[in-house]
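Asks: So that we are looking at the same thing, I have put the structure below in C-alpha cells.
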Amino acid sequence: MKLGNRTTLSSIPRKTVDIELPELDCAFRLREMSGTDRDRFEIASFVEGADGKRHVEALYLRARLVASCLIGDDNVRLFADDEIEQLSDVASASVIGKLFEAAQKLNGM
C-alpha cells in the first residue's frame, strides 16, 4: 500500500446518496459534508447556557444538517446557511426527518 499525500486527500470524492420520497414522487440527493461543513454544523448546533456550559440548540437542528448536505443535480447546495429557517418552514417534519436520518448515516453521526 502506498502512502497518501495532500493530492490523495483532495482527490477523494465526497459520497452522495439519493433518498426516494414516494409521497413527493421524487428523490433528493445528499452529499457528505466536508470537514469545514461539519465544523460549522457543530458550532451552530451548540449554544452557551446561563450555567456557562454548552447545550444543544435544538431549534433547526434537523434542517441545519439537511441543508448542509442537500444538493441539486448541479452539485450545489439547495439551501444556504441563511436559508435553514426557510427549509424548516416549507418542508414537512416527516420529510425533514427522513432526510435527517439519511444525512446522519452518510456523515457517520
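The values are calculated or read from the model by the stated rules, or taken from the named source; none is laboratory data. Note that the structure is a prediction, hence the values are computed from the model and not measured. With ideal geometry, Cβ positions are generated from the backbone for all residues, glycine too; neighbour counts draw on all protein chains shown. We work out accessible area using only protein heavy atoms, side chains counted, and drop any ligands, DNA or RNA first. Shrake-Rupley method; radii C 1.70, N 1.55, O 1.52, S 1.80 Å.
Asks: For the stretch 87-95, check the following and say yes or no: at least one residue is open to solvent by 70 Å² or more (accessible area, probe 1.4 Å) and within 20 Å of residue 35 (Cβ to Cβ).
Replies: Scanning the stretch 87-95, I find no residue that is open to solvent by 70 Å² or more (accessible area, probe 1.4 Å) and within 20 Å of residue 35 (Cβ to Cβ), so the answer is no.
Asks: Select from the stretch 16-57 the residues that are of a type in the set (A, V, I, L, M) and over 18 Å from residue 70 (Cβ atoms) and write down the one among them that is least open to solvent (accessible area, probe 1.4 Å).
Replies: Taking the stretch 16-57 first, the residues of a type in the set (A, V, I, L, M) are 17, 19, 21, 24, 27, 30, 33, 43-44, 47, 50, 56.
Still in the running and over 18 Å from residue 70 (Cβ atoms): 43, 47, 50, 56.
Working: 43: 117, 47: 60, 50: 118, 56: 88 Å².
Checking each candidate, the answer is 47.
Asks: Let me spell it out: the conditions are (1) farther than 14 Å from residue 109 by Cβ; (2) of a type in the set (Lys, Arg); (3) open to solvent by 60 Å² or more (accessible area, probe 1.4 Å); (4) modelled with pLDDT of 95 or more, and residue 62 meets all of them except one. Which number is the exception?
Replies: Going through the list (1) farther than 14 Å from residue 109 by Cβ; (2) of a type in the set (Lys, Arg); (3) open to solvent by 60 Å² or more (accessible area, probe 1.4 Å); (4) modelled with pLDDT of 95 or more, residue 62 breaks only (1).
Asks: Taking the stretch 25-51, which residues are in contact (Cβ under 8 Å) with a residue 12 or more places away in the chain and among the polar types (S, T, N, Q)?
Replies: Of the residues in the stretch 25-51, the ones in contact (Cβ under 8 Å) with a residue 12 or more places away in the chain are 28-34, 37-38, 40-41, 44-45.
Residues satisfying the conditions are 34, 45.
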